[in-house]
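Colleague: If you scroll down you'll find the structure; I have some questions about it.
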Amino acid sequence: MRVEKLPEDNQLPLNIKQSERHAKGYGSVVWKVLVSDKDAQERLVALKQMHRKEFSSDSEMQNSKRFYDFLKSFPGFGKFVPQTLYFQARMSPDQKPGGYMLQDFSDGKTINSIKDDELYEDPVVVQQLLDFTLAATKIIQETREKKIHKPDFGGTMRSVITSNPRYSPNIIITKKPNKEGQRVFFVDTDIGLGERTNRTMEVTLREVGGRLQQLQLKAWQSKLERILKSKT
């Protein structure tokens, strides 16, 4: 099977060594890219090519970045959010500028693809998931109180219907911890296009979806606490 790569004549602000398409869905594409920085050090990054209509203006891009900054600085939640860069560029010279998000590549599995036995095997991961549920609950509460966008803990039809972050492709468990010991990450930090352009959808996602997710997080919190207690 032929691996889909970024065009060689791209106008992205990256010194690309290798690339391949990693995932695709809802009109966006995530690329796994090997790049070299200004010091000639190579590293893997995740490049998310946004929906074609997203970041159609600089103000929309700044709107997403403000929400990312809110998540990154939120007490107890910021450690789960990878450093993210936003920019506009052309995938190739003949295309219009589009929106992109850039993060260090999280080498691991999405939480919805891991069976319970594997997910709950390591007490460190269980503790980090417990910390995540507590912080995520506070995030949802505050975004509802302030009437601002909330993080997308969904992403698949099952997670959207159940409002259960356990089935989310946006929560990653990495194979190895980073230098801070972190293995649990929330990787999809942009504001959804529908939330920015449709007031009814925004309110529904925040008020109805937010309430359901709080209930699911509370149930998940109780389960994690039981599991953690059994391992100590």
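Colleague: Just one of (1) surrounded by fewer than 18 Cβ atoms within 10 Å (Cβ to Cβ); (2) in contact (Cβ under 8 Å) with a residue 60 or more places away in the chain trips up Gln103, so point out which.
Modeller: (1)
Colleague: Here's another thing I want to ask about it. I'm trying to understand the selection: among the residues of region 108-136, which are hydroxyl-bearing (Ser, Thr, Tyr) and under 23 Å from His22 (Cβ atoms)?
Modeller: Residues satisfying the conditions are Thr110, Ser113.
Colleague: Among what's in region 46-90 and is of a type in the set (A, V, I, L, M) and modelled with pLDDT under 90, pick the residue that is surrounded by the most Cβ atoms within 10 Å (Cβ to Cβ). Talk me through it step by step, then tell me what you get.
Modeller: Just the residues of region 46-90 that are of a type in the set (A, V, I, L, M), to begin with: 46-47, 50, 61, 71, 81, 85, 89.
Now narrow it down to the ones that are modelled with pLDDT under 90: 50, 61.
Details: Met50: 22, Met61: 20.
Applying the filter and picking the extreme gives Met50.
Colleague: If you scan region 131-151, which residues turn out to be more than 29 Å from Arg226 (Cα to Cα) and in contact (Cβ under 8 Å) with a residue 12 or more places away in the chain?
Modeller: Of everything in region 131-151, those that are more than 29 Å from Arg226 (Cα to Cα) and in contact (Cβ under 8 Å) with a residue 12 or more places away in the chain turn out to be Lys147, Ile148, His149.
Colleague: With respect to Ser36, is the statement that it is closer than 18 Å to Ser106 by Cα, without any contact (Cβ under 8 Å) to a residue 60 or more places away in the chain and not charged (D, E, K, R) true?
Modeller: Values: closer than 18 Å to Ser106 by Cα: yes; without any contact (Cβ under 8 Å) to a residue 60 or more places away in the chain: yes; not charged (D, E, K, R): yes.
Judged against the criteria, Ser36 is a match.
Colleague: While we're here: Which residue, of Val33, Val29, is under 16 Å from the mean Cα position of the chain (by Cα) and β-branched (Val, Ile, Thr)?
Modeller: Val29
Colleague: Given the options Ile148, Ile161, name the one that is modelled with pLDDT under 90, exposed (fewer than 15 other Cβ atoms within 10 Å of the Cβ), among the β-branched types (Val, Ile, Thr) and closer than 28 Å to Lys53 by Cβ.
Modeller: Ile161 is the lone residue from the list that is modelled with pLDDT under 90, exposed (fewer than 15 other Cβ atoms within 10 Å of the Cβ), among the β-branched types (Val, Ile, Thr) and closer than 28 Å to Lys53 by Cβ.
The values are calculated or read from the model by the stated rules, or taken from the named source; none is laboratory data. All of these numbers come straight from a predicted model, not from anything done at the bench. Here the Cβ is made from the backbone with ideal geometry for all residues, glycine too, and neighbour counts use every protein chain on show.
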